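Asks: Quick one: structure below, then a few questions.
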Amino acid sequence: MFRCTTVLLLLIALLGCQPDSEAIRIGSNRWLGYAPIYLADDLGWTAPSGVRLVEYPTTTGVLRGFRNGMLDAAMLTLDETLALQDSAADLDLEIILITNVSAGADALFARAPVVTLADLRGQRIGVENTALGAYFLSRVLDQAQLTIDDLHVLSLPVHEQAEAFAAQRVDAVITFASEGPALERQGARRIFDSRQLPGEIIDVLVVDRERVNTEQRQRLRALWFDALRTWQDNRTEVDPRLHARLGLTPDELDVTLGGLLMGDGSVNREWFEGGQLRQSIGRLSQYMIERRLLNGVRHDRLIASCEVIKC
């Protein structure tokens, strides 16, 4: 069944979606919540759809690439999208897709004697230097009733965190759930995660309207939904591809996926047509401005029109 589905979708792409002279450059880091695009690329569906995936080791690289004109689209968290628009007034950003909602996939791990958030006072905490890292840390401080001056914060990319934790250079880390198994083998415990922040951490597919036309945006959405359905309907065949492509063990994939609500058609209708995305943008931008994570950003044009999402 998986083989037939793959051949059919590829033929449709080849016959109906001839590549443009210049492919849409979409930037991403290796995060399971973006897996459908990686799967589409692995199956050879991206090029016929006029899409070129540009991989970066960290989200910082994705943001820099977008600001420097190296990308036309990117997969980012909502707070990173707001920060990108805030820092680059020349970009006309549009969110065309909810890729996933975090419900435990982003977490804080710590070693004893830290067992509650209040115990973080005076401890060394590692966090990636991104908008999401800053936002998650800020929300942790809110919950713990601490200030940034109560902690020793170290900037650490996700791929360096387990090693730093093992070497006891940090006492806690803010990271992806996929890092949990490696951290737990070093004695870490999960003490806080995005389940305590329902609907606050979501990932989106964002484009620059000046570089990606309406038909291309619709094509990107179709590619996402086709690949997501293929994954969901063929886990046994697809998961090994994602283990290799994203560098995840079966345990890491399962524990991360267990903390994600993937952005299928139903989720996207709820967030776009039900108004949840507009509410989240307003609430999140206000919070980030109050915490000086944003200078002030126009968000009235961030949400895709019905012409794009076909509501």
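Every number here is computed from the coordinates shown, using simple stated rules; none is lab data. As the structure is a computational prediction, the values presented were derived from the model and not from experiment. Please note: Cβ atoms are built from the backbone with ideal geometry, for glycine as well, and neighbour counts cover all protein chains shown.
Asks: List, in order, the whole-Hz ³J(HN,Hα) value for each residue of region 69-84 obtained from phi through the Karplus relation with A = 6.51, B = -1.76, C = 1.60 and θ = phi - 60°; use x for Gly and Pro.
Replies: x, 8, 10, 9, 8, 7, 9, 9, 6, 4, 5, 5, 5, 4, 5, 5
Asks: Kirkwood Rh, the chain, all Cα pairs: how many Å?
Replies: Result for the chain, one decimal place: 20.0 Å.
Asks: Continuing with this model, one more query. Putting +1 on Lys and Arg Cβ atoms and -1 on Asp and Glu Cβ atoms, find which of Leu120, Thr130, Ser155 reaches farthest to the positive end of the dipole of region 106-196.
Replies: So the residue furthest toward the plus end is Leu120.
Asks: Which whole-number percent is the relative contact order of the chain (Cα, under 8 Å, 6+ apart)?
Replies: It comes to 28 percent, rounded to a whole number.
Asks: Each residue of region 197-214 in order: what ³J(HN,Hα) in whole Hz does its phi give by Karplus 6.51 cos²θ - 1.76 cosθ + 1.60, θ = phi - 60°, with x for Gly and Pro?
Replies: 10, x, x, 8, 10, 10, 9, 9, 9, 10, 10, 9, 4, 6, 10, 10, 7, 4
Asks: Name the residues whose placed amide hydrogens come within less than 5 Å of the amide hydrogen of Arg52, ignoring near sequence neighbours (fewer than 5 apart) on the same chain.
Replies: Excluding prolines and chain starts, which carry no amide H, the hits are Ile24, Arg25, Ile26.
Asks: Right, another one. Just order 122-130, 179-187 by mean Cβ neighbour count inside 10 Å, highest at the front, would you?
Replies: Ranked from most to least packed, the peptides come out as 122-130, 179-187.
Asks: Once you charge only the Cβ atoms, +1 for Lys and Arg and -1 for Asp and Glu, what is the size of the charge dipole of region 173-283 about its Cα centre, to the nearest 20 debye?
Replies: Computed about the Cα centre, the dipole is about 260 debye.
Asks: To continue, here is another question. Could you give the dipole magnitude of the chain about its Cα centre, charging the beta-carbon of Lys and Arg +1 and that of Asp and Glu -1, in debye to the nearest 20?
Replies: So the magnitude is around 60 debye.
Asks: When only alpha-carbon atoms count, how far does region 167-237 stretch along each of its three principal axes, as whole angstroms with the largest first?
Replies: Taking max minus min along each principal axis of the Cα atoms, region 167-237 gives 50, 35, 26 Å.
Asks: Output wanted: per-residue J couplings in Hz (rounded whole) for region 28-45, from phi through Karplus 6.51 cos²θ - 1.76 cosθ + 1.60, θ = phi - 60°, x for Gly and Pro.
Replies: Running phi through 6.51 cos²θ - 1.76 cosθ + 1.60 with θ = phi - 60° gives 7, 9, 7, 10, 4, x, 9, 3, x, 5, 5, 5, 4, 5, 5, 8, x, 8 Hz.
Asks: Rank-order 160-170, 81-91 by packing density, defined as the average count of other C-beta atoms within 10 Å over each peptide's residues, highest first.
Replies: Answer by packing, highest mean first, reads 81-91, 160-170.
Asks: Oh, and also: Using DSSP, restrict attention to beta bridges with both residues in the chain and report what percent are antiparallel, rounded to the nearest 5.
Replies: 60
Asks: Roughly what % of DSSP beta bridges within region 106-196 run antiparallel, to the nearest 5?
Replies: 55
Asks: Considering the options Val267, Leu228, Ser305, tell which one lies farthest towards the positive end of the dipole of region 210-311, charges being +1 on Lys and Arg and -1 on Asp and Glu at the Cβ, about the Cα centre.
Replies: Projecting each Cα onto the dipole axis, the largest value belongs to Ser305.
Asks: Compute the Rg/Rh shape ratio of region 106-196: radius of gyration over Kirkwood radius, all on alpha-carbon atoms.
Replies: Reported Rg/Rh, Kirkwood definition of Rh: 0.91.
Asks: With runs of 4+ DSSP H residues as the only contributors, calculate the mean residue ellipticity of the chain at 222 nm using -39,500 (n - 2.57) per run, divided by the residue total and rounded to the nearest 500.
Replies: Helices in the chain give a 222 nm mean residue ellipticity of -13000 deg cm²/dmol.
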